[in-house]
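For reference, the structure discussed in these notes is given below.
The values are calculated or read from the model by the stated rules, or taken from the named source; none is laboratory data. These numbers come from a predicted model, not from an experiment. Every residue, glycine among them, receives a Cβ derived from its backbone with ideal geometry; neighbour counts consider all protein chains shown.
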Ligand SMILES: [Zn+2]
């Protein structure tokens, strides 16, 4: 899979949000999802079929609009010999700008960050963005392993997709009753075989997971019986991987069925993990903040200054910041002033005078404040973490620090 930067993802999310809010006058907005393996000639044939079908649409306006949308799609796919690496997603339709008669044809052609899995054609009064939303929601990868004394299965979980990476069997014989001296020797042999098996599991899992280390958000171990616990306690996993183990759950099954059982049983843990990640970040920020010469900074102006200097390691931005960065230009001397406002109404009511010549300042540009910060962060290789307002810590960033905070790379003195 092509990896996507946080900025690309952020922009993709933003586009999706805009698309999700668009409404057609009738059921006339067309969405088409084309997997990378799909023949475009088949898509073309299907579009022509749909064009024929649309003759049955009762409303003359809707019929006309659906047909124009399909025509645009046919034109658009002609530009490709085959779908791009991850396939193609098209959203086409007449979007009203105001009252009747203000509709304008809009066309969006997206190359998604991950392969399109299923071919879709949908015609509705809104665009069908759910598969794309699902695609960007599921970027976290977890390791999942099910271990008992007889077998071990390990794989990854990405969103709702599981991927089995390996399966091992132990060949350790079951309990044997010999009695006396030979029983003890036999027990020792079995113990040794069990240890060998755990070591083999560890080696295989290390080999499979270490290359994914930076993407793995956590590892969950499961299985019936005590072996999974012995495996965890025995340091068979490389220490960085062991640190990532977030829970150990009991299952009734082993193998792939056991993996699915672990996933079902861990759903809450996985959801909490996002919350934990956020809490930890905010706590790290607060810890730095209360130190003398701590590596923390907050507030729009201060963080912007630190970002521009390249001093920010992690930028914490509240989701739905809502503010806008406005550029005002003086009609007299051309002087430019930048002012942050919470709403357009606030900008309209500013009536600022130029500090140089006293003429009126006129709005001459606008950018969302979070866009500006994400852009600055990208230039300086700063990680951006969006903080929800659903946790107490997240709320703190929003309320007490104006939704903009930073963990610094080095101490900055003013
Ligand atoms: Zn002026």
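Highlighted here are the helices (runs of 4 or more DSSP H) found entirely within the stretch 1-104 that include at least 1 residues which are within 30 Å of residue 381 (Cβ to Cβ), without any contact (Cβ under 8 Å) to a residue 24 or more places away in the chain and in contact with a helix residue (DSSP H, G or I) (Cβ under 9 Å, 6 or more places away or on another chain): 6-21. For the stretch 390-411, residues that are in a loop (DSSP other than H, G, I, E, B) and crowded, with 16+ Cβ neighbours inside 10 Å total 5. Among all residues of the stretch 359-378, there is none that is closer than 22 Å to residue 281 by Cβ, assigned by TED's automatic domain parsing to the domain that holds residue 303, modelled with pLDDT of 95 or more and assigned to a strand (DSSP E or B). Is it true that some residue in the stretch 259-277 is closer than 18 Å to residue 405 by Cα and more than 26 Å from the chain's Cα centre (by Cα)? Scanning the stretch 259-277, I find no residue that is closer than 18 Å to residue 405 by Cα and more than 26 Å from the chain's Cα centre (by Cα), so the answer is no.
Those helices (runs of 4 or more DSSP H) of the stretch 191-300 in which at least 2 residues are modelled with pLDDT under 90, considering only elements entirely within it, cover 255-290. Filtered by the rule that a residue be in contact (Cβ under 8 Å) with a residue 24 or more places away in the chain and either more than 16 Å from the ligand (Cβ to nearest atom) or in a loop (DSSP other than H, G, I, E, B) (or both), the stretch 323-334 gives 323, 324, 325, 326, 331, 332, 333. When the stretch 105-119 is examined, which residues are found to be assigned to a strand (DSSP E or B) and in contact with a helix residue (DSSP H, G or I) (Cβ under 7 Å, 6 or more places away or on another chain)? Answer for the stretch 105-119, where residues must be assigned to a strand (DSSP E or B) and in contact with a helix residue (DSSP H, G or I) (Cβ under 7 Å, 6 or more places away or on another chain): 105, 107, 108, 109.
Looking across the stretch 343-358, the residues that are near the ligand (Cβ under 8 Å from one of its atoms) and either more than 44 Å from the chain's Cα centre (by Cα) or not in a loop (DSSP other than H, G, I, E, B) (or both) come down to 355, 356, 357, 358. Can residue 338 be described as within 16 Å of the ligand (Cβ to nearest atom) and either exposed (fewer than 13 other Cβ atoms within 10 Å of the Cβ) or in a helix (DSSP H, G or I) (or both)? When the stated conditions are applied, residue 338 passes them.
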